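The values are calculated or read from the model by the stated rules, or taken from the named source; none is laboratory data. This is a predicted model, so every value here is computed, not measured. Using ideal geometry, Cβ is built from the backbone for each residue, glycine included, and neighbour counts are taken over all protein chains shown. Accessible surface areas use protein heavy atoms only, side chains included; no ligands, DNA or RNA. Shrake-Rupley method; radii C 1.70, N 1.55, O 1.52, S 1.80 Å.
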Amino acid sequence: MKRLLLPLAALALAGCAGDPIPEVTPSMAKRTDVDPAKLAHGRELYIENCNRCHERVLPGSIDPEYWRGIIPHMARNAQLTSAEQADVLNYLIAAHLEVYHIEDD
Ligand code: HEC
């Protein structure tokens, strides 16, 4: 029974947080001060490239500082240009903040 409970708890949490790979919204653009078209491009790149070698790591599952650290390495893995890398990173941070409804200061 214990084995079942943990995944169920994870599912319930994901359910509360809404879409784990949220579409770009004006509030995401505002939070990060990044052009929504660039965020949308980052989302596409993330969907296309970031589950090729391993299970997809969702934007909300690790915090923005960790994303900043790992994305340069993963962008090289995915052979993204530096502009594409910036779009993916900005999307992941925007989506992370959106998933957790973190308010602006
Ligand atoms: C060519 C294969 C490849 C691609 C493409 C790739 N990764 Fe990875 N990823 C790896 C490997 C291998 C590791 C584990 C070891 C390491 O750090 O290299 C990893 C580790 C990670 C980790 C760390 C997981 C942990 O437990 O610390 C994250 C987060 C991650 N990848 C996200 C991404 C994202 C986001 C993308 C898309 C931009 C991506 N990866 C694309 C191969 C890839």
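Here are a few things to note about the model shown:
- Pick from segment 76-105, criterion modelled with pLDDT of 95 or more and of a type in the set (Val, Ile, Thr), ranking: most open to solvent (accessible area, probe 1.4 Å): Thr81
- Residue that is nearest to the chain's Cα centre (by Cα), among those in segment 33-48 that are open to solvent by 30 Å² or more (accessible area, probe 1.4 Å) and touching a residue at least 12 places away in the same chain (Cβ under 8 Å): Arg43
- Residue match in segment 31-39 (condition: modelled with pLDDT under 95, closer than 19 Å to Tyr100 by Cα and not in a loop (DSSP other than H, G, I, E, B)): yes
- One residue stands out among those in segment 79-96 that are within 9 Å of the ligand (Cβ to nearest atom) and polar (S, T, N, Q): the one that is farthest from His41 (Cα to Cα), which is Gln79.
- Filtered by the rule that a residue be of a type in the set (Asp, Glu) and in a helix (DSSP H, G or I), segment 40-74 gives Glu44, Glu48, Glu65.
- Test for Arg76: is it under 14 Å from His96 (Cα atoms) and either in contact with a strand residue (DSSP E or B) (Cβ under 8 Å, 6 or more places away or on another chain) or more than 6 Å from the ligand (Cβ to nearest atom) (or both): no
- Within segment 50-71, tally of residues that are near the ligand (Cβ under 10 Å from one of its atoms) and either open to solvent by less than 80 Å² (accessible area, probe 1.4 Å) or at pLDDT below 95 (or both): 12
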